[in-house]
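Read the structure below first, then the notes.
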Amino acid sequence: SKPIVIAVDGPGGAGKGELTKRLARSLGYELLDSGAIYRVLAYAARKAGLALFDEDSLVQEALVVNLAFEPQDDGVHVILNGEDVSLAIRTEEAGANASKVAVLPRVRQALLARQRDFRQEPGLVADGRDMGTVVFPDAQVKIFLDASCEVRAKRRVLQLESSGKTADYAAILQEITERDERDRNRSVAPLKPADDAVIIDSSDMTVEEVFNKAMEIVKEKL
Ligand code: C5P
C-alpha cells in the first residue's frame, strides 16, 4: 500500500499552514506546501516577463522551474534558482498572482508529478486546495479546514501587525474574498471539500483546539 497522506485543504487564512506544520512535526512526516509551488511559479513567471495568462509559457516554466524547500531553524525556506524567495512569495500580491496561474488546467497538470513525489515513507502532510480531491484522491486522511472570511481577514491583520507592518482590514477582506471566489469557481480543481473529507470550521477555535481535533481525526482513520 502507498505511504500515508494526510490531505489538508481549505481557503487561505483558515490556519492550514500552522496546522500542517504541527501535524508533520508531531508525526515525523514530510510536509508539502503546495501553495508555495503556485506562488513560486507566478513569481518566476513575473521575473521572466511572462503574462500570467500565457498558458503555454507557464506550462514550460512549471516543468523546468528550479524550486527547493529547505528546512531551517525558523521554518522551511523556499529557494528559487538558489535565491531565497520565502518572504517575497508571501505578499498579498504574490498570493493573488498564484491564484491567477492556478486557474490554468495545463499548468496544474504540469505540477502534479512534482507534488506527488512528496509522497514518501513514513508519510506526508499535504497543504493546499485540491490535495484530497485531485493530487492525492486516495489520501488516507482528508481534512477540510474552513473559517469565515471575516475571521481570516482579522487573523491576517494581526499577523501583519505582529511583524511590524500596517494593515488595512477592509482591503484585506476584499482581497481574501476575491481570491476565494477565484479558487472556488475555477473549472479545474476548484476549492471544495472531498466527499470523504472531515470538515473543521476554525472560526471560533484556537490553534491548539484545531490541532487536537485534527489529531483525533488522524487517530481514528489510521
Ligand atoms: O495556500 P496559498 O495561499 O499559499 O496558495 C496560493 C494560491 O495558490 C491559492 O489562492 C490558490 O489559487 C493556489 N493553490 C491551488 N492549489 C493548491 C494550492 C494553492 O490552486 N493546491
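Read-outs throughout are calculated quantities, based only on the coordinates presented, and are distinct from any laboratory measurement. Source: prediction; values computed, not measured. With ideal geometry, Cβ positions are generated from the backbone for all residues, glycine too; neighbour counts draw on all protein chains shown.
Tabulated data for the structure shown
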quantity	calculated
Full-stretch length increase - Asp168, Ser1 - with 0.36 nm per residue and alpha-carbon distance subtracted	55.3 nm
Structure-based [θ]222 nm, the chain - -39500 (n - 2.57) summed over DSSP H runs of at least 4, per residue, nearest 500	-14000 deg cm²/dmol
Order of Ser163, Ser34 - criterion: other Cβ atoms within 10 Å of each residue's Cβ, fewest first	Ser163, Ser34
Partners for Lys213 among lysines (Cα-Cα distance below 29 Å; same-chain residues under 8 apart left out)	Lys2, Lys16, Lys21, Lys142, Lys154, Lys192, Lys221
Table column - 3J(HN,Hα) (Hz), region 155-165, Karplus curve with 6.51, -1.76, 1.60, x for Gly and Pro	4, 5, 4, 4, 4, 5, 5, 6, 9, x, 9
Computed over region 78-167, Cα set: Rg, Dmax in Å	15.9, 42
Three-way shape call for region 166-222 based on the alpha-carbon gyration tensor, with the a/c threshold at 1.5	oblate
Tail beyond 21 Å, pair distance distribution of region 1-84 (Cα, percent)	43 percent
Order of Thr20, Thr206 under a 10 Å beta carbon neighbour criterion, fewest first	Thr206, Thr20
Theoretical FRET efficiency, 1/(1+(r/R0)^6), r = Cβ-Cβ of Glu150 and Ala68, R0 35 Å, to 0.05	0.45
Stokes-Einstein D for the chain, Kirkwood Rh over Cα pairs, 25 °C, 0.890 mPa s (µm²/s)	138 µm²/s
Mean Cα-pair separation over length for the chain, i.e. relative contact order, pairs under 8 Å, 6 or more apart, %	33 percent
Whether region 102-222 is rounded, prolate or oblate, judged on the alpha carbon gyration tensor where a/c under 1.5 counts as rounded	oblate
Region 63-180: relative contact order in percent, alpha carbon pairs under 8 Å with at least 6 residues between	15 percent
Span from the region 146-161 Cα centroid across to the region 10-81 one, whole angstrom	21 Å
Efficiency of FRET from Cβ geometry, Asp56 and Ser187, R₀ 25 Å, rounded to 0.05	0.85
